[in-house]
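Peer 1: Next up is a structure, given as structure tokens.
The values are calculated or read from the model by the stated rules, or taken from the named source; none is laboratory data. This one's a predicted model, so the numbers in the text were calculated from it and none came from an experiment. Ideal geometry is used to build each Cβ from the backbone, glycine not excepted, and the neighbour counts take in all protein chains shown. With ligands, DNA and RNA removed, areas are computed over all heavy atoms of the protein, side chains included. Shrake-Rupley method; radii C 1.70, N 1.55, O 1.52, S 1.80 Å.
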Amino acid sequence: MRLSCVPMQKTDLGPVSAIERVCFAEPWSRAMLDGEFLFDHCRAMALHRMDGSLSEIIGYLFFHLVPDEMHVL
């Protein structure tokens, strides 16, 4: 097994949305997650667990970069 943290793609939003629903009482909607891609100052990372040819998203991070700061969402 290997872990890899890579820039998130919009195609990752299905698994990310599923994680949101399991982990949070008031999860962000798929539309809210998708909307973050519209902001130039937003970055998103996906943590993949890879086992052979299989890859599964097991975590993610959204953050905003502003002058001299990073805001973790």
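Peer 1: When PRO7 is evaluated against the numbered criteria (1) within 25 Å of PRO67 (Cβ to Cβ); (2) surrounded by 10 or more Cβ atoms within 10 Å (Cβ to Cβ); (3) of a type outside the set (Asp, Glu), which criterion, by number, is the only one it fails?
Peer 2: Failed condition: (2).
Peer 1: How many of the residues in segment 32-48 are free of Cβ contacts under 8 Å to residues at least 12 places away in the same chain and within 13 Å of the chain's Cα centre (by Cα)?
Peer 2: Summing the residues that are free of Cβ contacts under 8 Å to residues at least 12 places away in the same chain and within 13 Å of the chain's Cα centre (by Cα) in segment 32-48 gives 2.
Peer 1: Identify, please: which residue in segment 10-43 is of a type in the set (D, E, K, R) and over 14 Å from PHE63 (Cα atoms) and is, among those, most open to solvent (accessible area, probe 1.4 Å)? Break it down stepwise before answering.
Peer 2: Of segment 10-43, the ones of a type in the set (D, E, K, R) are 10, 12, 20-21, 26, 30, 34, 36, 40, 43.
Next, from what is left, pick out any that are over 14 Å from PHE63 (Cα atoms): 10, 12, 20-21, 26, 30.
Values: LYS10: 103, ASP12: 20, GLU20: 13, ARG21: 145, GLU26: 161, ARG30: 123 Å².
By that ranking, first place goes to GLU26.
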